[in-house]
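The values are calculated or read from the model by the stated rules, or taken from the named source; none is laboratory data. From a predicted model like this one, the values you see are computed outputs, not experimental measurements. Here the Cβ positions follow ideal geometry from the backbone for every residue, glycine too, while neighbour counts run over all protein chains shown. Calculation scope for accessible area: heavy atoms of the full protein, side chains included, ligands and nucleic acids excluded. Shrake-Rupley method; radii C 1.70, N 1.55, O 1.52, S 1.80 Å.
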Amino acid sequence: MSENMEHVKVIAFQKEWIDAVFDIQRKAYKPLFDKYHDTNTSPYLESKEEILQKYTRPGTYGYIFLDQGIPVGAVRIIARDDACKVSALAVLPEYQNRGIAQAALKEIESIHSGCKCWVLDTILEEKGNCHLYEKLGYTKSGEPQAVDDHMTLIHYKKTNRCG
């Protein structure tokens, strides 16, 4: 991690962290839900039980980001063969734009170094999200998918070894 991110740790999800993950996901995705009103796919609407089920599925690895011991972010990595999907990356709003997500993803990619292909979906209209992933080496892949008149999902992949 970069020097200014030495105080951020990435730890594996354990069930006792579900309250923190639920809180992080609700707070991080609320502004997007308020903006786009996406009632079909928004992680903001997931119950604690749904989140726990997703974090504990076979082939899924959950991670918590701690800043000086405080849980400030979380993500799920879904591993299939030699491909990994980044899902529901969330950082508390007051900790965003500090490099936490970037540092955490770099560390997680290192942990899962056997993944030849990394993929994710994000909202095309959220330029900050797109910038983060592009800075990490992800490139847009496939055609954007309009969810409605205001929101478009874009697929990203990293490495040229993706199918």
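Determine if the stretch 33-50 includes at least one residue that is modelled with pLDDT of 95 or more and within 26 Å of residue 114 (Cα to Cα). No, because not a single residue in the stretch 33-50 is modelled with pLDDT of 95 or more and within 26 Å of residue 114 (Cα to Cα). The sole residue among 76, 98, 80, 57 that is among the charged types (D, E, K, R), within 22 Å of residue 145 (Cβ to Cβ) and touching a strand residue (DSSP E or B) at 6+ places or on another chain (Cβ under 9 Å) is 76. Filtering 124, 136, 153 for residues that are under 21 Å from residue 24 (Cβ atoms) and touching a strand residue (DSSP E or B) at 6+ places or on another chain (Cβ under 8 Å) leaves a single hit, 136.
At least 3 residues being touching a residue at least 40 places away in the same chain (Cβ under 8 Å), of a type outside the set (Asp, Glu) and surrounded by fewer than 20 Cβ atoms within 10 Å (Cβ to Cβ) is the threshold, and among the strands (runs of 3 or more DSSP E) wholly inside the stretch 1-116 those reaching it are 8-12. Per the conditions (1) under 18 Å from residue 17 (Cβ atoms); (2) in contact with a strand residue (DSSP E or B) (Cβ under 9 Å, 6 or more places away or on another chain), the sole criterion not satisfied by residue 129 is (1).
Number of residues in the stretch 117-158 that are open to solvent by 50 Å² or more (accessible area, probe 1.4 Å) and closer than 21 Å to residue 102 by Cβ: the value is 12.
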